[in-house]
Amino acid sequence: MIQLPQNLERARFLTVAEVAGQLRVSTMTVYRLIKAGRLASVRVGKSYRVREDDVDRYLASTYTQAG
């Protein structure tokens, strides 16, 4: 049996389309963020999966306060 690190045991992985929906951007924008290394992901076959925590981390790192 494969032993997963604790931080991955309950990780929720999202598809590129789900990430795009959450961020309200196109799927192409998500692919660009992944390719640029700004959004962490894992490759599963020919598609990518992004941990929900990594989406939150990306949003927090790009947050700017309006005003």
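Each reported figure results from applying straightforward, stated rules to the coordinates on display, with no laboratory input. Note that the structure is a prediction, hence the values are computed from the model and not measured. Heads up, the Cβs are rebuilt from the backbone with ideal geometry, glycines too, and the neighbour counts pull from every protein chain shown.
Observations on the model:
- Segment 18-67, subset part of a loop (DSSP other than H, G, I, E, B) and among the hydrophobic types (A, V, I, L, M, F, W, C), residue surrounded by the fewest Cβ atoms within 10 Å (Cβ to Cβ): Ala66
- Segment 19-48 residues that are on the phi < 0 side of the Ramachandran plot, paired with ones that are assigned to a helix (DSSP H, G or I) and of a type in the set (D, E, K, R) (beta carbon under 8 Å, 6 or more apart): Leu39/Asp54; Ala40/Asp54; Ala40/Arg57; Ser41/Asp54
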